[in-house]
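Notes for the one structure printed next.
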Amino acid sequence: MEPIKIAIAGQQNVGKTTLIRTLTKSNIGEVEDRAGVTTEAEHCYFKDMQATFIDTPGFQRAGEMVMYFRDPEKFLEINPNFESDNADDFKAIQAVKESDVVVYVADLADVPKPAHQSEVLLVRQNHQKVVAVLNQYQQTVRATNEAKVKQRINQWETLFKERGIPLISFDAHWDNPVKVEKIYEIIFQILDDQQKLRFKEGLNLFKKRQADIRQEACKFLAEFIEDCRKEASYTIQKSDFNEERVQNDIVRKINGNFAYFTYCVTDLYKIAAENPTTSKDELLLKMRPKAHWGNRIGIGGGAAAILGGVTALISGILGAGIGGLLTGGVGAIPVGLAWAQIGGTIGGAIGSLGIFSDHGDTVTIEIDIEQLKTLLIKGVAIIWGLSNTGYGREKKLSSDEARQLEEQIWRIQEAFKGIDLGKSNTSTIREYCEQILDKLEKESY
């Protein structure tokens, strides 16, 4: 069966390629903060989704293109070099004509201008199934205010309503994942019956793949929590007990496990974005060989090296707060110092990482359950960021927004029936993490 062809059209630098990345959770295409990056109509086929996204060059002279299509021969008599001088516009329109549905993208930072009106008319002249996406919603709200943005949306709504085009406001860099579902729903509604069946089947396969990947990520997180619980809990002779040495040992073990979790989950989503049509099992085979750390904890500088490789990526997704969590905020530093910083981040003094119980001749050390809960929240935030932000968009949450995300996750997990992180197995912890993520994706952020 032929895949559904979805053309993404609009002016230069409004986020067309970025929108495709958001909709497909991939890093296809080239994204830069300059105009005219896409110069060819790039066809991106997604097997599971049974859809081909066509990334088009940005419109530059839409008003003249409208006049051209009204009477090409007469127009070329006056402008004989028009077709050769405006090759990008013609490539974009050809892609529009070849598609089953067109998504017209506009930047909410702009007010509707005559050029936009010409573009919408041009697209409508060449296709009847059109959806409009107003991009940069969150970013524009932060730069102005909600009242001004609402007024601007009303202006755009008037333009699209005149042409019978459904509209959704969005932010392809970071927005509620439910809005992605809304975009797909609008596309679905304007397809014909046969196309709807194909597209629905493809979307179901796509969603299953994403769910499988997220389940694997939550499994990594559950294993991290269980490893911390086991490896940072033990009994020693009282004569051998030294609180500072024991705390440093706990720090070293948790640091190694956190580095391992971060490495694995980052690698998983990175490879998933690079291979958007590959199954979860195949992705796991493609994951890079893990560093041999000797039971994951005898890592020394190895953890700093691994952390250094993923910190930039995690910081780019969740802001400087997470970057500081991974490195202590000062780049590649000794592991102990890094976790001394993390200890402060996740719950006060380093001494709160362990709980000591005196049993006559022995002392039992256990990691504090509240610290395990905090680590789980950090892990969920990382998974959510990786699964919903994608790669190569070069946008990140501010420190305040990253903090709001963590606070939101805290509220969600507090509302659930809690689990005992000190005793629960990996399956229970994994399911608990998935419940939090399900709830998080349904809430507005």
Criterion: of a type outside the set (G, A, S), under 25 Å from D192 (Cβ atoms) and free of Cβ contacts under 8 Å to residues at least 12 places away in the same chain - qualifying residue of Q94, Q128: Q128
Within region 183-198, is even one residue within 19 Å of the chain's Cα centre (by Cα) and either open to solvent by 20 Å² or more (accessible area, probe 1.4 Å) or in contact (Cβ under 8 Å) with a residue 60 or more places away in the chain (or both)? yes
Restricting attention to region 110-119, does a residue exist that is surrounded by 23 or more Cβ atoms within 10 Å (Cβ to Cβ), closer than 20 Å to I20 by Cα and more than 21 Å from the chain's Cα centre (by Cα)? yes
What residue, among those in region 137-179 that are part of a loop (DSSP other than H, G, I, E, B), in contact (Cβ under 8 Å) with a residue 24 or more places away in the chain and over 19 Å from E443 (Cα atoms), is least open to solvent (accessible area, probe 1.4 Å)? I165
If only one of F59, F53, F46 is more than 30 Å from K200 (Cβ to Cβ) and surrounded by 13 or more Cβ atoms within 10 Å (Cβ to Cβ), which one is it? F59
Subset of region 92-109 [in a helix (DSSP H, G or I) and either within 12 Å of A62 (Cβ to Cβ) or within 30 Å of the chain's Cα centre (by Cα) (or both)]: A92, I93, A95, V96, E98
Does K395 fit the bill of being within 18 Å of Q215 (Cα to Cα) and at pLDDT below 85? no
Residues of region 7-23 being assigned to a strand (DSSP E or B) and either in contact with a Ser or Thr (Cβ under 6 Å, 6 or more places away or on another chain) or surrounded by 24 or more Cβ atoms within 10 Å (Cβ to Cβ) (or both), which ones? A7, I8, A9, G10
Given the structure, is L134 open to solvent by less than 20 Å² (accessible area, probe 1.4 Å) and under 18 Å from T56 (Cα atoms)? yes
Flagged in region 401-427 as open to solvent by less than 70 Å² (accessible area, probe 1.4 Å), closer than 22 Å to C228 by Cα and either part of a loop (DSSP other than H, G, I, E, B) or without any contact (Cβ under 8 Å) to a residue 24 or more places away in the chain (or both), in numbering order, are G418, I419, L421, G422, S424
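The values are calculated or read from the model by the stated rules, or taken from the named source; none is laboratory data. Not measured: the values here are computed from a predicted model. Virtual Cβ from ideal backbone geometry, glycine too; neighbours counted across all protein chains shown. Accessible surface areas use protein heavy atoms only, side chains included; no ligands, DNA or RNA. Shrake-Rupley method; radii C 1.70, N 1.55, O 1.52, S 1.80 Å.
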